[in-house]
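None of the figures in this text is laboratory data; all of them are computed from the coordinates on show. None of these values were measured; they are calculated from a predicted model. Ideal geometry is used to build each Cβ from the backbone, glycine not excepted, and the neighbour counts take in all protein chains shown.
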Amino acid sequence: MALEPEQIVRLEEDRVVLLDQRRLPEVVVELECRSAAEVAAAIRDMAIRGAPAIGVAAAYGYALAARRGGDLEEAYRVLAESRPTAVNLTWALREMLDDPTPERARELHREEVERCRRMASHAAELLAPRTRALTHCNAGALATGGYGSAVGALRTAWERDLVEHVLVDETRPLLQGSRLTAWELEQIGVPHAVIADSAAASFMAAGEVDCVITGADRIAANGDTANKIGTYGLAVLAAHHRIPFCVVAPTSTVDLSTPTGSGIPIEERAAAEVSARSPARNPAFDVTPAALIGAIVTEDGVHRAPYTESLAGVVARA
Ligand code: MRU
């Protein structure tokens, strides 16, 4: 059974409660955050992750600070600084400025899930019957606060009998694919197999991939798209093998104030996530150039190149 939005993150009387994604799927346990600073720590430490989901968590954290009569400037700052790449975080906080109430935060959460359902429906229309898809990281309900973006599209397509199988990139170093996406696909009954990230090229060469479908953390005005590290490599591989590469993300992920991907801040996380004993580099995201992206699907519909035109005027709205 699919995860409900309130199971992923919710605001209670005096706390934000979230499903701790660091320990899934082996351990299903909730984490309680009693201040904006604790919500920010949960985002930074990736107890909750995925671009729209961290926006929703930040909105709840801000509403919690407002309800307690806390320092809202400080709450905004600590939440906005918790992770740099996904624009949904600052988008959600800005949305909360005029009305920092629990009701507005819950409405924002509902709106994000509704966007997912709409874009999933648009994206499913791009898939032919018996599609064998490949996805990277986790762009499912856990990453969006409910339903999912890329995984939501696969879910809708599965319900329309369009999906044969999904290859799930393991997604080093934190294994969002093998831990979270595989778990979600199992819950909704979609046939899938986890692969090592480095196996994607061979499956494409063998003709076992009909499309690559991912989420996004920030989409620049020209369509350049930041997503989990490894996405860029997949897009290059997909182009080489003439496989459609499709990004599914809500308009809250589109950042028209950043003209191109070179302006997107890329988070570098702790070396210890990659290697316990050697020096390591750990960029958490990369930027896929717009030229490698066949379609960007939002709740508004399917956007095609040139994205500077097709994304112009895109704004997140209810
Ligand atoms: O570091 P993470 O796990 O927060 O990275 C998440 C991703 O890269 C997702 O693909 C992206 O947020 C899209 S989620 C709908």
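Residues of region 83-103 being part of a loop (DSSP other than H, G, I, E, B), buried (at least 16 other Cβ atoms within 10 Å of the Cβ) and more than 13 Å from the ligand (Cβ to nearest atom), which ones?
Going through region 83-103, the residues part of a loop (DSSP other than H, G, I, E, B) turn out to be 83-87, 97-101.
This time we only want the ones that are buried (at least 16 other Cβ atoms within 10 Å of the Cβ), so: 83-87, 100.
P100, the sole residue that qualifies.
From A36, A40, grab the single residue that is free of Cβ contacts under 8 Å to residues at least 60 places away in the same chain, out of contact with any strand residue (DSSP E or B) (no Cβ under 8 Å at 6 or more places or on another chain) and within 16 Å of the ligand (Cβ to nearest atom). Explain how you work it out, then say what you get.
Numbers: A36 fails: within 16 Å of the ligand (Cβ to nearest atom).
Of the residues listed, the single one that is free of Cβ contacts under 8 Å to residues at least 60 places away in the same chain, out of contact with any strand residue (DSSP E or B) (no Cβ under 8 Å at 6 or more places or on another chain) and within 16 Å of the ligand (Cβ to nearest atom) is A40.
Evaluate region 131-154: report whether one residue or more is more than 13 Å from the ligand (Cβ to nearest atom), surrounded by fewer than 18 Cβ atoms within 10 Å (Cβ to Cβ) and outside any loop (DSSP other than H, G, I, E, B). Steps first, answer last, please.
The initial filter retains those residues of region 131-154 that are more than 13 Å from the ligand (Cβ to nearest atom), namely 131-134.
Checking the rest, the ones that are also surrounded by fewer than 18 Cβ atoms within 10 Å (Cβ to Cβ) come to 132.
Okay, now just the ones that are also outside any loop (DSSP other than H, G, I, E, B), so 132.
Scanning region 131-154, I find at least one residue that is more than 13 Å from the ligand (Cβ to nearest atom), surrounded by fewer than 18 Cβ atoms within 10 Å (Cβ to Cβ) and outside any loop (DSSP other than H, G, I, E, B), so the answer is yes.
Within region 43-82, restricting attention to residues that are β-branched (V, I, T) and within 15 Å of the ligand (Cβ to nearest atom), which residue is surrounded by the most Cβ atoms within 10 Å (Cβ to Cβ)?
Residue satisfying both the conditions and the ranking: V56.
Do we have any residue at all in region 205-214 that's within 14 Å of the chain's Cα centre (by Cα), surrounded by fewer than 24 Cβ atoms within 10 Å (Cβ to Cβ), closer than 30 Å to V27 by Cα and within 15 Å of the ligand (Cβ to nearest atom)? It would help to see each step written out before you state the result.
If we filter region 205-214 for residues that are within 14 Å of the chain's Cα centre (by Cα), which is where we start, we get 213-214.
From the residues that got through so far, the ones that are surrounded by fewer than 24 Cβ atoms within 10 Å (Cβ to Cβ) too are none.
No; the residues of region 205-214 include none that is within 14 Å of the chain's Cα centre (by Cα), surrounded by fewer than 24 Cβ atoms within 10 Å (Cβ to Cβ), closer than 30 Å to V27 by Cα and within 15 Å of the ligand (Cβ to nearest atom).
Looking for whichever is within 24 Å of A80 (Cα to Cα), more than 16 Å from the ligand (Cβ to nearest atom) and not aromatic (F, W, Y) here; the options are G263, G294, G301. Which one fits? If you could, list the steps in order and put the result at the bottom.
Details: G294 fails: within 24 Å of A80 (Cα to Cα); G301 fails: within 24 Å of A80 (Cα to Cα).
Being within 24 Å of A80 (Cα to Cα), more than 16 Å from the ligand (Cβ to nearest atom) and not aromatic (F, W, Y) holds for just one of G263, G294, G301, which is G263.
Enumerate the pairs (first residue in region 266-281 and without any contact (Cβ under 8 Å) to a residue 24 or more places away in the chain; second residue anywhere and part of a loop (DSSP other than H, G, I, E, B) and exposed (fewer than 10 other Cβ atoms within 10 Å of the Cβ)) with beta-carbon separation below 8 Å, excluding pairs fewer than 6 apart on the same chain, so at least 6 apart or on different chains.
From residues that are without any contact (Cβ under 8 Å) to a residue 24 or more places away in the chain, the pairs are E268/R281; A271/P279; A271/R281.
Under 6 Å by Cβ, and 6 or more places apart or on different chains, what pairs join a residue from region 246-259 that is over 28 Å from A128 (Cα atoms) with one that is among the small types (G, A, S)?
Correct list of pairs: L256/A221; T258/A220; P259/A221.
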